[in-house]
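Report on the structure given below.
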Amino acid sequence: MPPYKTLLTTESVRRYLLQIIAKSGTEPVRLEPERDLAEKLHVSRVTLRRAMESLKGAGLLMSLPGRKGTFTNPAASGSVEHTVGIVIYHSYVGLIFSQFLSGLSEELYSLGYNCSFTMLPRSENTPEKEAFELENSGCDCIVWHTQTPDDFSVINRMLADDYPVLTICNPNYPEWGHPERNWYALDMDAGAEIASFFLERGCTRPLFCSNELLRFRSFAAKMKEKKMDPAAFFLPDPEEIRKTLPRLLKAKKIDGVYCSHRTLGTVLKVLPKGCAVPILSPHSTDQELKGCNPNGIPLVSFDRIFLQKQCRTLGAMIARGIGQIFEGKISRTNLCIKGFQIPKGKG
């Protein structure tokens with residue numbers, strides 16, 4: 001092992017040992033000798049013993065008469081919880097994430113898995129060092145919620161080690177890309193629903209103000225079904241939006257506008273008062289809109305309750321992927337989620 005590997009905490013070692021206990025089966029399994037196990041985990045023997053003693057006290061590890069070493073207790077192996085590690089974007093836990101976590105935990109429970117969850121902090125270490133720390137955190141798998149390009153070197157290193165990490169992409173930032181495999185996104189087919197929103201209102205020339213290329217592809221496909229050229233109404237750049245949107249509106253060349261979180265402020269600031277075309281935007285709070293909607297433009301937003309339900313759905317889908325990991329059946333290919341739609345009858 002490289003010299004940069006750091007000491008793991010007692011709790012991390014304890015979770016590592018719990019994985020061994022959970023997989024030990026119906027016969028006692030002897031743990032590696034203390035010296036070898038401490039060297040393998042790059043911890044002191046004092047730290048290792050502290051973790052082992054806590055598990056012995058809980059009846060999960062035991063000694064056997066006439067035999068050297070420490071053994072798993074088969075009678076207790078079935079009661080050992082699986083541990084799911086979660087890495088979250090900027091350590092932010094809000095309403096949407098809590099709905100995701102609810103869907104995740106409820107689905108795992110319904111599948112018959114006894115699980116606990118641990119939030120794993122990011123470190124300022126090198127990718128090699130951080131990958132090692134996460135891989136040896138004692139978790140059965142890790143869910144990486146909303147990774148950024150800075151995270152990919154860590155994630156791809158873990159995937160190369162065949163460590164089970166499932167990543168959730170943010171479709172609002174397609175320029176971020178995604179890891180090499182095993183990634184999820186909630187609304188990959190949202191573009192078709194965005195197109196349907198405008199078509200249902202008789203709009204034939206909606207302007208797509210976003211660089212969300214995945215959404216635009218399905219948006220374009222839906223528009224082409226109706227013999228329309230969506231490429232003529234695609235403005236991904238905020239500067240181009242500022243220059244072009246007012247002119248298109250004045251010339252009546254567009255009859256609807258879709259904007260993303262990234263472009264919402266720009267669009268609202270250039271729309272004139274009394275703008276009559278439908279404006280479809282991501283959900284935003286009144287506080288978020290206060291400084292960027294000076295003309296009070298009416299919007300149709302993604303419904304908050306609907307988004308919460310979608311996040312619960314995402315959690316349930318991730319849970320089924322975790323179930324595959326627990327059963328040793330995890331796919332090495334991409335795992336994608338679809339199922340976004342805009343609520344009907346709004347605006």
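The values are calculated or read from the model by the stated rules, or taken from the named source; none is laboratory data. A quick note: this is a predicted structure, and the numbers were derived from the prediction, not measured. Cβ: placed from backbone, ideal geometry, glycine included. Neighbour counts: every protein chain shown.
Would you check which residues across the stretch 41-65 are without any contact (Cβ under 8 Å) to a residue 24 or more places away in the chain and either among the basic types (Lys, Arg) or in a helix (DSSP H, G or I) (or both) and list them? Working first, answer last.
Step one: of the stretch 41-65, the residues without any contact (Cβ under 8 Å) to a residue 24 or more places away in the chain are 45-46, 49, 53, 56-59, 63, 65.
Within the stretch 41-65, 45, 46, 49, 53, 56, 57 meet the criteria.
When residue 198 is tested against (1) closer than 30 Å to residue 245 by Cβ; (2) free of Cβ contacts under 8 Å to residues at least 40 places away in the same chain; (3) surrounded by 18 or more Cβ atoms within 10 Å (Cβ to Cβ), only condition (2) is not met. When the test is whether a residue is touching a His at 6+ places or on another chain (Cβ under 6 Å) and either modelled with pLDDT under 75 or among the aromatic types (Phe, Trp, Tyr) (or both), residue 284 does not pass it. Of all the numbered requirements in (1) closer than 24 Å to residue 217 by Cα; (2) at pLDDT 85 or above, residue 171 misses one, and that requirement is (2).
Scoring residue 123 on the criteria (1) free of Cβ contacts under 8 Å to residues at least 12 places away in the same chain; (2) over 25 Å from residue 169 (Cα atoms); (3) surrounded by fewer than 16 Cβ atoms within 10 Å (Cβ to Cβ) leaves a single failure, condition (2). Name the single residue that is farthest from residue 316 (Cα to Cα) among those in the stretch 131-147 being β-branched (Val, Ile, Thr) and modelled with pLDDT of 85 or more. Ranking the candidates gives 142 first.
Is it the case, given these coordinates, that residue 309 is out of contact with any Pro (no Cβ under 9 Å at 6 or more places or on another chain), modelled with pLDDT of 75 or more and surrounded by fewer than 17 Cβ atoms within 10 Å (Cβ to Cβ)? Full working, then the answer.
Details: out of contact with any Pro (no Cβ under 9 Å at 6 or more places or on another chain): yes; modelled with pLDDT of 75 or more: yes; surrounded by fewer than 17 Cβ atoms within 10 Å (Cβ to Cβ): yes.
The answer is yes for residue 309.
Run down 320, 247 and say which single residue is of a type outside the set (Val, Ile, Thr), assigned by TED's automatic domain parsing to the domain that holds residue 111 and either at pLDDT below 65 or not in a loop (DSSP other than H, G, I, E, B) (or both). First the steps, then the outcome.
Numbers: 247 fails: assigned by TED's automatic domain parsing to the domain that holds residue 111.
Every option except 320 fails the conditions.
One residue alone among 117, 97, 71 is surrounded by 15 or more Cβ atoms within 10 Å (Cβ to Cβ) and out of contact with any strand residue (DSSP E or B) (no Cβ under 6 Å at 6 or more places or on another chain), and that residue is 97.
Regarding residue 109, is this residue of a type in the set (Ser, Thr, Tyr) and either more than 19 Å from the chain's Cα centre (by Cα) or within 30 Å of residue 28 (Cα to Cα) (or both)? Don't jump to the end; show me each part of the working.
On the way: of a type in the set (Ser, Thr, Tyr): yes; either more than 19 Å from the chain's Cα centre (by Cα) or within 30 Å of residue 28 (Cα to Cα) (or both): yes.
Yes; evaluated as a whole, the condition is true for this residue.
Kindly establish whether residue 109 is free of Cβ contacts under 8 Å to residues at least 40 places away in the same chain and within 22 Å of residue 168 (Cα to Cα). Against the criterion (free of Cβ contacts under 8 Å to residues at least 40 places away in the same chain and within 22 Å of residue 168 (Cα to Cα)), residue 109 qualifies. Could you say whether any residue in the stretch 67-79 is at positive phi, assigned by TED's automatic domain parsing to the domain that holds residue 163, not in a helix (DSSP H, G or I) and not basic (Lys, Arg)? Scanning the stretch 67-79, I find no residue that is at positive phi, assigned by TED's automatic domain parsing to the domain that holds residue 163, not in a helix (DSSP H, G or I) and not basic (Lys, Arg), so the answer is no. If you go through the stretch 70-94 and keep only what is within 28 Å of residue 144 (Cβ to Cβ) and either modelled with pLDDT under 75 or of a type outside the set (A, V, I, L, M, F, W, C) (or both), you end up with 81, 82, 83, 85, 89, 90, 91, 92, 93, 94.
Cβ-Cβ contacts under 8 Å between residues 6 or more apart (or on different chains), taken from a first residue in the stretch 247-274 that is over 21 Å from residue 202 (Cα atoms) to a second residue that is acidic (Asp, Glu) and in a loop (DSSP other than H, G, I, E, B), are listed as 260/212. Within the stretch 16-38, residues that are without any contact (Cβ under 8 Å) to a residue 40 or more places away in the chain reach partners that are surrounded by fewer than 15 Cβ atoms within 10 Å (Cβ to Cβ) and hydroxyl-bearing (Ser, Thr, Tyr) with beta carbons closer than 9 Å, at six or more positions or on different chains, in the pairs 38/44.
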